[in-house]
1. Mind ordering 195-202, 91-98, 214-221 by average Cβ neighbours within 10 Å, highest first?
2. Assuming 0.692 mPa s and 37 °C, estimate D for the range 159-233 with Stokes-Einstein, Rh taken as the Kirkwood radius over Cα pairs, in µm²/s.
3. May I ask you to compute the full-extension gain from residue 57 to residue 97, defined as 0.36 nm times their residue separation minus their alpha-carbon distance, rounded to one decimal in nm?
4. Stick to the Cα atoms of the range 41-94, pair each with every other, and give me the Kirkwood hydrodynamic radius in Å at one decimal.
5. Check which residues have an amide H placed less than 5 Å from residue 229's amide H, if you skip close sequence neighbours.
Amino acid sequence: MAIQNQGTVRPTSDEPFRFSPIFREDYIEDVPVSQTKGVDIMLGMLLEQYQNKPNLVAYFRAFFEEMDSLFYQLDSVYLGRTIQHAVGVQLDIIGVIIDQSRQIALADLFFGFAGAGEKMAAEATPGDGGIFKGEESAGFVTTPLTDAVYRRLLLAKAQVHNRDSISINQLYYAVSTLLGRTTKLMELVTTTPRQLELRISQGDTTANDEQMIQYLARYIIPLGTTLTVTRVP
């Protein structure tokens, strides 16, 4: 049942997360909003006999180019209300619907190079560097999640709440959604009765990832059962 050696060879799969790249900030592909939708519609509806009339086309463009801006704003507002493309306050509103705040209480982590060595992290070794606070975190007692991390948490929580029961594969899927990637090792084992341990590879995860999984576990693990997340070499 464990997912192992995913970082050696990446086979193809219809499952969007099982064989996803190890590292990327957000797994959702950006959908560009057309800025020429009005003119495109006009040219598509224009009779063929008039398409080679430059003066007439220029006259029509004078009107339909004004509609380009309108269509662009309408599409932007529509996409901005979806969980995949919402940002800032709009993402917070979706969080209210799902009953998930952006500010979650995680254990204190070192910020900066304290406790993290003296080198910068890289995608291949994310645990080598420290975690830095940005200006947007100033003034908060509980550090709020960034849009990318918050979006993944909302998606993971929404998908587990949309199931009658949670299987081991569903747990793997939810964790991959939360992290935005599939780790090289992900294995759920029973250590003692009512005690589970999720082992994930240390090389492609961070301490913050471990805490995020631990937070999500409350929505996956049955009452009376505890889950321990362990990062292993």
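1. Values: 195-202: 18.4, 91-98: 14.6, 214-221: 16.9.
With the highest mean Cβ count within 10 Å placed first, the list reads 195-202, 214-221, 91-98.
2. Values: Rh = 12.5 Å.
Taking Rh from Cα pairs, D becomes 262 µm²/s.
3. Working: separation 40, 0.36 × 40 = 14.40 nm, distance 4.67 nm.
Working it through step by step, the gained length comes to 9.7 nm.
4. Working: mean 1/r = 0.0741 Å⁻¹.
By the Kirkwood definition, the hydrodynamic radius is 13.5 Å.
5. HN-HN under 5 Å from residue 229: 198.
Laboratory data are not the source of any read-out in this text; all were calculated from the coordinates shown. Given the structure is predicted, the values throughout are model-derived calculations rather than measurements. Ideal geometry is used to build each Cβ from the backbone, glycine not excepted, and the neighbour counts take in all protein chains shown.
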